[in-house]
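Note sheet for the following structure.
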Amino acid sequence: MSRSAVVVFNLGGPDNPDAIKPFLFNLFNDPAIIGLPGLLRKPLAKFIAHHRAPIARKIFAHLGDQSPLLEETEAQASALAREIAREMSREDESRVFIAMRYWHPFIETAVERVQAFDPDKIVLLPLYPQYSTTTTACPVSSKIRE
């Protein structure tokens, strides 16, 4: 019997209006987004988040006050899990985990869940629609091995 984990990861998005500012801070505090040293990047991220949050709130109001990204990612993960189960032998087990870069469920949560599952094989599947160092340089694989 083999156990496989597939980790699908994406940007994430605020799940309520109060999450918009911290989500923006997480986004702009990422060195893959703003390559300044942390001493400069953190205050800049706070500044950008503070000034962009009111604009983003208006945009998210049109989306029901939350990002649809988690719900869409969950639907994709469920469809993938069903397809994998259909293709696997009965004695093998596979699970699909979701990890978001800038909002819940965070990468660290997914890492803990994957470690608890204790798979023999891990497949990382970024759902970003383009090349992005936020996925290719993502620390998921190194954290899973720890």
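No lab work stands behind these numbers, since they all come straight from the coordinates. In this text, all values refer to a predicted model and were calculated from it rather than measured experimentally. Positions of Cβ are backbone-derived with ideal geometry, glycine not excepted, and every protein chain shown enters the neighbour counts.
Residues of the range 1-27 with an amide N closer than 17 Å to a point placed 7 Å from the Cα of GLN76 along the Cα-to-Cβ direction: 6-14.
Between the amide H of TRP103 and those of GLY13, distances stay under 5 Å, these residues lying 5 or more places away or on another chain, with hydrogens modeled in the peptide plane. Residue-wise HN-Hα couplings along the range 105-117, as the Karplus relation 6.51 cos²θ - 1.76 cosθ + 1.60 with θ = phi - 60° gives them from phi, are x, 5, 4, 4, 5, 4, 4, 4, 5, 5, 4, 5, 6 Hz; Gly and Pro carry x.
At a Förster radius of 41 Å, what calculated FRET efficiency corresponds to the Cβ-Cβ distance of TYR128 and SER2, to the nearest 0.05? Spell out each step's value before the answer.
Numbers: r = 28 Å, r/R0 = 0.68.
For R0 = 41 Å, the calculated efficiency reads 0.90.
Length available on full extension from HIS50 to HIS104: 0.36 nm per residue minus the Cα-Cα distance, which gives 17.4 nm.
The alpha-carbon atoms of the range 17-65, seen along their principal axes, cover 35, 17, 13 angstrom, with the largest extent given first. Sequence-distant contacts, meaning Cα pairs under 8 Å at least 6 residues apart, place the relative contact order of the range 1-58 at 33 percent.
If you look at the Cα atoms of the chain, you get an Rg and a Dmax of 17.0, 53 Å.
Treating the beta-carbon of each Lys and Arg as +1 and of each Asp and Glu as -1, no other charges, what is the dipole magnitude of the chain about its Cα centre, to the nearest 20 debye?
Numbers: 17 positive and 17 negative charges, 131 e Å.
With Lys and Arg at +1 and Asp and Glu at -1, about 640 debye.
On the basis of the beta-carbon distance and an R0 of 30 Å, GLN66 and PHE117 show a calculated FRET efficiency of 0.60.
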